[in-house]
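Asks: Here it is, the structure in full.
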Amino acid sequence: MQTTKWLSDIELRGNNVTLIPLKKEHAKALVQAASDGELWNLWYTSIPNEEKVDAYIETALSEKEQGRSLPFVVIDNQTQEVIGTTRYCNADCTNNRVEIGYTWYAKRYQRTAVNTECKYLLLTHAFENLSAIAVQFCTHWHNQASRNAIARLGAKQDGVIRNHQKMPNGSYRDTVVFSIIESEWLAVKANLTFKLQLSS
């Protein structure tokens, strides 16, 4: 089907990190990365522990098979270790729109150049190879670190979807929606390139 062809396996390599397609055999490495900071204890996001990682990967791969998602693991180029994960998701091939989400990194890589470079690689591929007209980002209202990181990329807040999802703890998630549209890409790319040069 057309959606599957729009999102196909690719390796995206930067100076610091490389994004490679997620596979079942990455389960142990993902748990090890998440254990740096015990990220599964963050109530406002969904990061897998040892008990949940297989289901987490299975869901990601199932959505990939349906053409809705393209999940990656993030590799540190120096150590060749898996340090986190990210993905294209909620793909709309009819309108050439895609979301970047399910992003997390081991605690020691947070607030470094890693997220900037990952987003640079994903956005470049989306706008310049997939001809996306818009790339969306969504996060929990209470995930202030994620909201700040998205804004720093140059994405603009579209709005808040209230009572968007039911959380495992019984609470409701208000989802903050951001996007970068195709006409903004060159300015955003210049900004991200500048940030990466400063951090190199």
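The values are calculated or read from the model by the stated rules, or taken from the named source; none is laboratory data. Only a predicted model underlies this, so the values are computations on that prediction, with no experimental measurement involved. As a convention, Cβ positions derive from the backbone with ideal geometry for all residues, glycine included, and neighbour counts pool all protein chains shown. We work out accessible area using only protein heavy atoms, side chains counted, and drop any ligands, DNA or RNA first. Shrake-Rupley method; radii C 1.70, N 1.55, O 1.52, S 1.80 Å.
Asks: Could you pull out the residue among Pro71, Pro21 that is in contact with a Cys (Cβ under 9 Å, 6 or more places away or on another chain) and either at pLDDT 95 or above or β-branched (Val, Ile, Thr) (or both)?
Replies: Criteria check complete, one pass: Pro71.
Asks: Mind telling me which of the residues Ser146, Ser183 ends up being of a type outside the set (Phe, Trp, Tyr) and closer than 24 Å to Ile47 by Cβ?
Replies: Ser146
Asks: Ok, one more. Do we have any residue at all in segment 162-180 that's crowded, with 18+ Cβ neighbours inside 10 Å, out of contact with any Ser or Thr (no Cβ under 8 Å at 6 or more places or on another chain) and within 21 Å of Ile10 (Cα to Cα)?
Replies: No, segment 162-180 contains no residue that is crowded, with 18+ Cβ neighbours inside 10 Å, out of contact with any Ser or Thr (no Cβ under 8 Å at 6 or more places or on another chain) and within 21 Å of Ile10 (Cα to Cα).
Asks: Among the residues of segment 74-91, is any open to solvent by 50 Å² or more (accessible area, probe 1.4 Å), at pLDDT 95 or above and more than 17 Å from Arg108 (Cα to Cα)?
Replies: Checked against the condition, which is being open to solvent by 50 Å² or more (accessible area, probe 1.4 Å), at pLDDT 95 or above and more than 17 Å from Arg108 (Cα to Cα), segment 74-91 yields at least one hit.
Asks: Out of all the residues in segment 109-128, is one or more outside any helix (DSSP H, G or I), more than 19 Å from Ser199 (Cα to Cα) and either in contact (Cβ under 8 Å) with a residue 40 or more places away in the chain or open to solvent by 50 Å² or more (accessible area, probe 1.4 Å) (or both)?
Replies: No - not one qualifying residue is present in segment 109-128.
Asks: Across segment 186-196, which residue is least open to solvent (accessible area, probe 1.4 Å) among those that are within 19 Å of Arg97 (Cα to Cα) and within 18 Å of the chain's Cα centre (by Cα)?
Replies: This residue is Val188.
Asks: Give Ser199, Ser183, Ser131 a once-over and let me know the one that is open to solvent by 30 Å² or more (accessible area, probe 1.4 Å), among the hydroxyl-bearing types (Ser, Thr, Tyr) and modelled with pLDDT under 90.
Replies: Ser199
Asks: While we're here: Exactly one condition in (1) assigned to a helix (DSSP H, G or I); (2) without any contact (Cβ under 8 Å) to a residue 60 or more places away in the chain; (3) out of contact with any Pro (no Cβ under 6 Å at 6 or more places or on another chain) is not met by Gln136; state its number.
Replies: Of (1) assigned to a helix (DSSP H, G or I); (2) without any contact (Cβ under 8 Å) to a residue 60 or more places away in the chain; (3) out of contact with any Pro (no Cβ under 6 Å at 6 or more places or on another chain), only one is false for Gln136: (1).
Asks: Scan segment 56-73 residue by residue and report those that are open to solvent by 10 Å² or more (accessible area, probe 1.4 Å) and either assigned to a helix (DSSP H, G or I) or of a type in the set (Phe, Trp, Tyr) (or both).
Replies: Those that are open to solvent by 10 Å² or more (accessible area, probe 1.4 Å) and either assigned to a helix (DSSP H, G or I) or of a type in the set (Phe, Trp, Tyr) (or both): Tyr56, Glu58, Thr59, Leu61, Ser62, Glu63, Lys64, Glu65.
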